[in-house]
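Take a look at the structure set out below.
Throughout, read-outs are computed from the coordinates displayed, never taken from laboratory work. This one's a predicted model, so the numbers in the text were calculated from it and none came from an experiment. Positions of Cβ are generated from backbone atoms using ideal geometry, with glycine treated the same way; all protein chains shown enter the neighbour counts.
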Amino acid sequence: MSGIIDNVVDCEMKSFISDLQTLIRHPSVSAKKQGLVNCAKSVTDIMDKAGIKSELLYFDDVGLEDHSEHLIVPPIVYGEVKSKSNPQGKTILFYNHYDVQPEDPIELWDEDPFSGKVEGNCIFGRGSADDKGELITRIKAVEYYLKKTGDVPCNVKYIVEGEEEIGSIHIEQYLHKYKEKLRCDGVIWEFGYIDVSSRPIISLGMKGLLYVELIVKGPCRDAHSSLAVLIENPAWRLVRALNTLRDDKGKILVRDWYKEVRQFTPEELSILSRDSFDEHEFKKEYQIRTFVNNVGGIDAIKSLVGMTTCNIAGLTAGYTGEGAKTVLPAVATAKLDFRLVPNMTPEKQFSRLKDHLKEYGFGNDVEARLIHGEAAVRTPTTEPFVRQVEESANEIFGSSIISISSAGTGPMYPFVKILNVPCISIGSTYLFSRIHSPNEFARLDLLNKTTKCMGRIMEKFAKSR
Ligand SMILES: [Zn+2]
């Protein structure tokens, strides 16, 4: 069955690509604070042209006065279309981001990273998939609705931020500040993967994250290593401290670490049992023989979506260059990331970690610094919005996969908590689109289908109670 905007999507691919190229050609790299305001303005231009009323929202009064590139906190693009036929009905909120990852290493790109070059079924460039391609599918679905019918099936809002690639540092405060304006009944997340069989993966949640640095200080400066008989080496202290955190099976040994972890619901278990995770393919990709604790089958899937982790992300001390240097370092540091699952909170887990270090005798010399914390969240599988998204995806793509949570982390928790609505991730990003890597690309066939899918989602959402 053909949808209302389907043939418009097919006919308008040329202007679709040209608007996406306009966005890709803005090098809006948040890590370098580069080109952000210009890109945000370009998004508002494309929205206005599409018939979406848009404006830039600023974080504070500095932003209101100073619209230049020197802003410390980049603005958010807000867009809105009210349904004429259904103004009291539901409101969908599209969350996306206009910033991108740095283009480095630039020498590994086949083309200019910000060219937006089209070749066959692919459009290349930093941000082509993550997240400008996704953003344009959400804008175009509404533009084509307005073009075809003069209306949209449900009320639509957009929030497009400029700091996603640096950890969405201000999104929570933005959500608080503009809570009334952003009021809605459901959120479509900024991206969604599409697997090698062209099936969209509909993800209902995200893990949380606790990012910590451990610092051990030894002598006031690096010392000659012959003095190791007298001076305690901070690297040894750090290694001993780290060794108390986790056993060989991956179990975290901090007291009460698992206390709030909620068990999978029966519905979640039934979805997990249908998961198509291919562990052999996965092991081949990473050239590993076994998983942690030898898990396999359903347990591997459970770990991926629902287990907390204690990972050493970085470890530094002393001399790590070529050849030998006999040195006793003055300082040793470790960066640790802990993935969190519902209903753990980063603050509580951090204080447990500090208590643990104290209890094991590291309270005086191993300093723990909190770098970043984010809680996990999952939209319940029983939420009607999930079925509407699933049906839409199946109509356009033939089939889809439901995943109860991504193994990764994003700012989904503040959206669900502050706006108090279900949040679902679905999109156009081919699994191997090289996002964050050289030669990132988006597939035109998937952008086309996802735009149609967004149309279906709005239709079904409008009809639901
Ligand atoms: Zn990204």
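Provide 450, 308 in ascending order of the number of other Cβ atoms located within 10 Å of each residue's Cβ, fewest first.
Numbers: 450 30, 308 21.
With the fewest neighbours first, 450, 308 line up as 308, 450.
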Coordinate range along principal axes, alpha carbons of segment 254-353, Å, largest first: 57, 38, 15
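Taking 0.36 nm per residue of sequence separation and subtracting the Cα-Cα distance, how much length would be gained by fully extending the chain between residue 215 and residue 387, in nm to one decimal? Provide the component values of the computation, followed by the final result.
On the way: separation 172, 0.36 × 172 = 61.92 nm, distance 4.77 nm.
Fully extending the segment from residue 215 to residue 387 adds 57.2 nm.
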- request: Between residue 149 and residue 178, with labels modelled 7 Å along Cα→Cβ, what's the label distance in nm to one decimal, could you check?
  value: 2.6
message: As a test of the definition: which semi-axes, in Å, follow for segment 215-291 when you take the square root of five times each eigenvalue of its alpha carbon gyration tensor? Largest first, please.
response: 43, 20, 9
- prompt: Kirkwood Rh, segment 354-465, all Cα pairs: how many Å?
  reply: 17.4
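Tell me whether segment 151-211 comes out rounded, prolate or oblate; compute the Cα gyration tensor, take square roots of the eigenvalues as a ≥ b ≥ c, and use a/c under 1.5 as the rounded threshold. Numbers along the way, then the final one.
Working: a/c = 2.23, a/b = 1.13, b/c = 1.98.
It is oblate, given that a/c is not under 1.5 and a/b is not larger than b/c.
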- prompt: Going down the list 32/132; 49/140; 207/354, which pairs span over 20 Å between their C-alpha atoms?
  reply: 207/354
Modelled label reach - residue 112, point 7 Å along Cα→Cβ, segment 18-42 residues with backbone N closer than 13 Å: 22, 24-27
- prompt: Which ³J(HN,Hα) values in Hz, rounded to whole numbers, follow from the phi angles of segment 350-356 under the Karplus curve 6.51 cos²θ - 1.76 cosθ + 1.60, where θ = phi - 60° and Gly and Pro get x?
  reply: 5, 6, 5, 4, 5, 4, 4
statement: Whole-Hz Karplus couplings 3J(HN,Hα) for segment 279-286, θ = phi - 60° and coefficients 6.51, -1.76, 1.60, Gly and Pro as x, run 5, 5, 4, 4, 5, 4, 4, 9
query: In square nanometres, what is the average projected area of the Cα convex hull of segment 27-163?
result: 9.5
statement: Residue-ordered couplings for segment 449-465, obtained by feeding phi - 60° into the Karplus form 6.51 cos²θ - 1.76 cosθ + 1.60 and rounding to whole Hz (Gly and Pro as x), are 5, 5, 4, 4, 5, 4, x, 4, 4, 4, 4, 5, 5, 4, 7, 6, 9
message: At 7 Å along Cα-to-Cβ for each site, give me the label-to-label distance between residue 232 and residue 260 in nm.
response: 3.3
field: Given 147/449; 33/181; 302/449, the pairs whose alpha carbons are separated by over 20 Å
entry: 33/181; 302/449
task: Give the whole-number value, in cubic angstrom per residue, of the convex hull volume spanned by the C-alpha atoms of segment 196-332.
output: 179
- line: Exposure proxy check on 25, 255, 126: fewest-to-most Cβ neighbours within 10 Å is 255, 25, 126
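With a sphere of radius 13 Å drawn around the Cβ of residue 133, what net charge do the other residues whose Cβ falls strictly inside it have (Lys, Arg +1; Asp, Glu -1)?
Working: positive: 126, 132, 138, 140, 434, 443, 449; negative: 19, 130, 131, 134, 190, 440, 445.
Neighbourhood net charge equals 0.
On full extension of the chain, what length is gained from residue 48 through residue 290, given 0.36 nm per residue of separation minus the C-alpha to C-alpha distance?
Values: separation 242, 0.36 × 242 = 87.12 nm, distance 5.26 nm.
81.9 nm is the gain from fully extending residue 48 to residue 290.
Rounded, prolate or oblate: which fits segment 320-414 when a ≥ b ≥ c are the square roots of the eigenvalues of the alpha-carbon gyration tensor, with rounded for a/c under 1.5 and prolate only if a/b beats b/c? The partial results should precede the final answer.
Working: a/c = 5.04, a/b = 2.12, b/c = 2.37.
Oblate.
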- request: Just grab the label-to-label distance for residue 279 and residue 434, each label 7 Å out from Cα along the Cβ direction, in nm (one decimal).
  value: 3.2
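Provide the net charge surrounding residue 309, with neighbours chosen by a C-beta distance below 10 Å and charges set as Lys +1, Arg +1, Asp -1, Glu -1.
Working: positive: 207, 246, 339; negative: 337.
Spelling it out: positives minus negatives among the neighbours equals +2.
Report Rg(Cα)/(2.2 N^0.38 Å) for the chain, keeping two decimals. Don't skip to the answer; put the middle values down first.
On the way: Rg = 24.1 Å, N = 465, 2.2 N^0.38 = 22.7 Å.
Scaled against compact globular proteins, the figure is 1.06.
If we count every other residue with Cβ under 13 angstrom of residue 275's Cβ, Lys/Arg +1 and Asp/Glu -1, where does the sum land? All intermediate terms of the calculation are to be shown ahead of the outcome.
On the way: positive: 199, 274, 302; negative: 195, 268, 278, 279, 299.
Counting the neighbours of residue 275, the net charge comes to -2.
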field: Dmax and Rg, reported as Rg then Dmax, of segment 392-443 (C-alpha, Å)
entry: 14.1, 38
statement: Taking a ≥ b ≥ c as the square roots of the Cα gyration tensor eigenvalues, with a/c under 1.5 meaning rounded and otherwise prolate when a/b beats b/c or oblate if not, segment 338-391 comes out prolate
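Size of the dipole of segment 278-391 about the Cα centre, Lys and Arg at +1 and Asp and Glu at -1 on the beta carbon, nothing else charged, in debye to 20? Don't skip to the end; give the middle numbers.
Working: 14 positive and 16 negative charges, 69 e Å.
Roughly 340 debye, rounded to the nearest 20.
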